[in-house]
Amino acid sequence: MKTLAVLTSGGDSPGMNAAVRAVTKLAAAQGLSMLGVLEGYEGLIDGRFRELTHRQTDGLVIVDLEVDIAGGQGGTLIGSARSARFREKDGRAKAVEQLKARGVGGLVVIGGNGSLTGAHFLAQEFGVRVIGIPGSIDNDIGCTSTALGVDTALNTIVEACDRISDTARAHRRALVVEVMGRDCGYLAMASAVAVAADAVLIREQGKSEAQVVADVSALIRSGFARGKRRILIIKAEGVQVPCTKLVRLAEEALKPELPGVEIRATVLGHVVRGGNPSYQDRAVAGRLGFAAVSALLAGATDEMVGWLPPLAGGTPTADSSVVRFPLSQVLEETKALIDGTSQVTQRRLKLMEKAAGVLAL
Ligand code: F6P
């Protein structure tokens, strides 16, 4: 094996560049060249690559300077995409031809649910040697306690909520803040605890629009009655009621008793996905990158390297916090996380039910 390739796919997340840097350095240290695939599976189908290493005349392989610098930056320097063509077997066959044409002996895929599903198909259908690294701010990937970008996204949400709280207290207002996460309420739950929000709304609670409006109105009513100056409600984007509609309906419900009530909505949106990666995301990226390249060199394929506390099961690696799992298991657990059958989701929900009474105090 002389050449490896790496791609980032789906929604970018802080830490992807750090992982690209890590796998590139690891490959170079082994005397291997690293190709970056531009714009995920889309670029792979079209054969768009970029050299991330350079082979010197003395045979030494060095890392491209831009890769080194980008390691500390958000986004992804090799680009990302959501590829409709790759969902078809024809598209995947074209992608495999491109890998063969460039002599790629192993592929690292950094991304979320869809990207890891694509990696699994490449291994199963075409025997491509592939290892996944979880990268998604949503934290909805099985077999890992965190994915690249989650920690940075949480820090961004906490900072934004602190700012919003300052102005909310100044005006004695209620604020509904919507955070990303697609179908997963993790970012909302975790940030709500960290910023001492008054409540959290997540899709997993399965509440109807009328229930959500009633709960929010009751919370604002009792919070202001107790003399609070800021009421902060974190809403996950998976909750189908749009923020502006929720605010309008809650204001309408409260106006008869609280004519001057002021509720505002802030949708943090893509702000949460940008920014330089935190220490944790960089450190995890480095260690997962190391494990991914080591796994490829050891002949492993169709697996993901996950970040888990020691002794959590799976195949241990040289790093006690990194464990390898078959992609089939990762994808099964990911599905369960989202459809609510996973024990992890049920545990989170129970915890949030318990926390609800405390948050509102
Ligand atoms: O999966 C990451 C994510 O940021 C989700 O939280 C969000 O629902 C989605 O991507 C947004 O995707 P896009 O950037 O394509 O609008």
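The values are calculated or read from the model by the stated rules, or taken from the named source; none is laboratory data. Please read all numbers here as calculations on a predicted model, not as lab measurements. Cβ placement follows ideal geometry from the backbone for every residue including glycine, while neighbour counts extend to all protein chains displayed. With ligands, DNA and RNA removed, areas are computed over all heavy atoms of the protein, side chains included. Shrake-Rupley method; radii C 1.70, N 1.55, O 1.52, S 1.80 Å.
Taking 37 °C and 0.692 mPa s as the conditions, I'd like the Stokes-Einstein D for the chain in µm²/s, using the Kirkwood hydrodynamic radius from alpha carbon pairs. It would help to have the intermediate numbers written out before the result.
Numbers: Rh = 21.4 Å.
Roughly 153 µm²/s, to the nearest whole number.
Normalising the Debye intensity of the stretch 180-225 to I(0), with uniform scatterers on Cα atoms only, and taking log10 at q = 0.22, 0.23, 0.24 Å⁻¹ returns -0.85, -0.90, -0.95. Each Cα pair under 8 Å and six or more residues apart adds its separation to the average, and for the chain the resulting relative contact order is 21 percent.
By a 1.4 Å probe calculation restricted to protein chains, LYS2 has an accessible surface near 150 Å², given to the nearest 10. Counting only Cα atoms, I'd like the Rg/Rh figure for the stretch 156-274, Kirkwood definition for Rh. Rg/Rh: 0.94. Taking amide H atoms as placed 1.01 Å from N in the peptide plane, the amide H of ASN276 lies under 5 Å from those of GLY74, each 5 or more residues away in sequence or on another chain.
Just need the Rg to Rh number for the stretch 134-186, please, alpha carbons only, Kirkwood Rh.
Over the Cα atoms of the stretch 134-186, Rg/Rh equals 1.11.
The distance linking the stretch 103-124 with the stretch 314-334 is 15 Å (Cα centroid to Cα centroid, whole angstrom).
Pairs of alpha carbons in the stretch 279-354 separated by more than 18 Å make up 50% of all such pairs.
Phi-derived couplings, Karplus 6.51 cos²θ - 1.76 cosθ + 1.60 at θ = phi - 60°, listed residue by residue for the stretch 56-67: 7, 5, 7, x, 5, 9, 10, 8, 4, 4, 5, 5 Hz, with x used for Gly and Pro.
Residues whose amide H falls under 5 Å from that of ALA81, counting only those 5 or more places apart or on a different chain, are GLY10, GLY40, TYR41, with hydrogens built in the peptide plane. Long hydrophobic helices in the chain: the complete DSSP H runs spanning 15 Å or more by Cα along their own axis with mean Kyte-Doolittle hydropathy of at least 0.0 are 16-29, 113-126, 209-225, 243-254, 279-297, 327-339.
Pairs of Lys residues in the chain, spaced 8 or more positions apart or belonging to different chains, with C-alpha separations under 18 angstrom: 12 in total. Relative contact order of the stretch 156-274, taken over Cα pairs closer than 8 Å and 6 or more residues apart, is 41 percent. Taking the centroid of alpha carbons for each part, the stretch 63-88 and the stretch 26-58 are 11 Å apart. Accessible area per residue was computed with a 1.4 Å probe on protein heavy atoms; SER320 scores about 80 Å². Our summary of shape: the Cα atoms of the stretch 234-361 have principal axis extents of 68, 33, 26 Å, ordered from largest down, in whole angstrom.
Only DSSP H runs of four or more residues enter the estimate; each adds -39500 (n - 2.57), and after division by the residues of the chain the mean residue ellipticity at 222 nm equals -14500 deg cm²/dmol. Within the shell defined by Cβ-Cβ distances under 10 Å, the residues around GLY31 carry a net charge of +2, with Lys and Arg each +1 and Asp and Glu each -1.
At a 1.4 Å probe radius, carbon and sulfur cover how many percent of the accessible area of the chain? Using a 1.4 Å probe with all protein chains present, the chain comes out at 53 percent carbon and sulfur.
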